[in-house]
Amino acid sequence: DLVSPDSPTQRVGAEPVSAFGIVVHPRPLLSLANAFSDQELDAWYKRITGLIPGQDIDFVCELKIDGLAVALTYGDRIMVTGATRGNGYQGENITQNLKTIRSIPLSVPSTAPAKFEVRGEAYLPKKGLSKLNEERADEGLPLFANPRNAAAGSVRQLDPRITARRPLDIFIYALGWAEGMQMPSTHWETMQYLKSLGFKINPNMARCKDLDEVKDCCHGWAERREELPYDIDGLVIKVNSIALQEELGFVGHDPRWAIAYKFPAVQGTTRLLDIGINVGRTGSLNP
């Protein structure tokens with residue numbers, strides 16, 4: 001009866017749950033439109049400037065981590081719920097699993113809003129994936145194909161103790177909503193504020209004063225992506241001003257004020273060493 005929600009013992013993992021509950025997102029976690037070239041970035045820029053003519057627009061570029069999107073809700077300075085994005089409107093309640101990720105604060109300072117939600121990407125570092133696959137190979141289990149699958153499979157375990165044994169991490173990339181306090185007027189300032197509350201923010205986030213700087217940022221990371229200790233599949237470009245974000249609004253399931261610049265798929269050369277032949281039930285030979 002003395003256990004508090006932010007107790008360090010709560011990171012270990014509670015008893016297995018029979019099924020995940022449903023969490024309704026007060027503000028939807030929507031998907032992003034994609035751009036695969038500079039020309040598509042130009043088209044996006046032309047669309048948004050046509051909707052807000054004469055406005056000075058600067059941007060924030062963030063690495064698009066290849067993981068699982070989650071929403072963390074805090075009330076009275078304590079983490080209350082953690083949920084998957086799901087369909088954008090409803091997600092799975094994976095609070096106990098997310099509490100095992102040590103970079104997620106279980107409580108926040110008194111400078112935090114009375115109630116708020118942050119959004120982030122739970123991921124598995126490259127070294128963590130290699131170690132996990134080595135263990136699975138030793139146990140005769142199927143290997144994870146990529147960090148995204150591994151992260152999704154880890155946080156959706158019915159037994160949080162399994163999640164606790166996996167080296168998951170998280171980067172927070174947005175404030176979903178907040179009550180009881182005036183928030184900063186730009187996305188960049190909001191992220192610095194969340195960092196001051198103890199949330200882990202990606203250090204490679206960059207401010208860009210115009211679209212040319214955005215393109216330079218995208219091209220640079222396309223060349224340097226392999227240097228990172230985690231996988232990225234592109235960059236997310238956001239209009240920095242919160243007021244302009246609200247003015248631009250949404251179209252369908254996508255915010256007009258943000259777009260994902262996707263990198264080309266990683267390609268490699270494979271040499272075929274052997275083809276095994278199996279004899280089928282009817283005597284047919286199958287490669």
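A few points about this structure:
- Residues in the range 162-176 that are among the small types (G, A, S) and assigned to a strand (DSSP E or B): 2 in all.
- Single residue of the range 254-274 satisfying the filter (among the hydrophobic types (A, V, I, L, M, F, W, C) and open to solvent by less than 100 Å² (accessible area, probe 1.4 Å)) that is farthest from S241 (Cα to Cα): A265
- Selection from the range 113-160 of residues that are open to solvent by 40 Å² or more (accessible area, probe 1.4 Å), closer than 30 Å to V80 by Cβ and of a type in the set (K, R): K115, R148, R156
- Helices (runs of 4 or more DSSP H) wholly inside the range 46-161 that include at least 2 residues being within 18 Å of S31 (Cα to Cα): 147-155
- Selection of first residues in the range 184-204 that are under 12 Å from V118 (Cα atoms) and of second residues that are crowded, with 18+ Cβ neighbours inside 10 Å and small (G, A, S), restricted to Cβ pairs under 7 Å at least 6 apart or on distinct chains, gives the following pairs, ordered by first then second residue: L197/A112.
- Residues satisfying the stated conditions in the range 1-25, i.e. at pLDDT 70 or above, loosely packed, with under 13 Cβ neighbours inside 10 Å and of a type outside the set (A, V, I, L, M): S4, G21
A quick yes/no check of all residues on (1) over 29 Å from E247 (Cβ atoms); (2) touching a helix residue (DSSP H, G or I) at 6+ places or on another chain (Cβ under 6 Å); (3) not hydrophobic (A, V, I, L, M, F, W, C):
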residue: E40; (1), (2), (3): no, no, yes
residue: F59; (1), (2), (3): no, yes, no
residue: K64; (1), (2), (3): no, no, yes
residue: L72; (1), (2), (3): no, no, no
residue: T84; (1), (2), (3): yes, no, yes
residue: G88; (1), (2), (3): no, no, yes
residue: N97; (1), (2), (3): yes, yes, yes
residue: I101; (1), (2), (3): yes, no, no
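The values are calculated or read from the model by the stated rules, or taken from the named source; none is laboratory data. Model, not experiment: these values are computed from the prediction. Because the Cβ atoms are built from the backbone with ideal geometry, glycine has one as well, and the counts that use them run over all protein chains shown. Heavy atoms of the whole protein, side chains included, go into the accessibility calculation; ligands, DNA and RNA do not. Shrake-Rupley method; radii C 1.70, N 1.55, O 1.52, S 1.80 Å.
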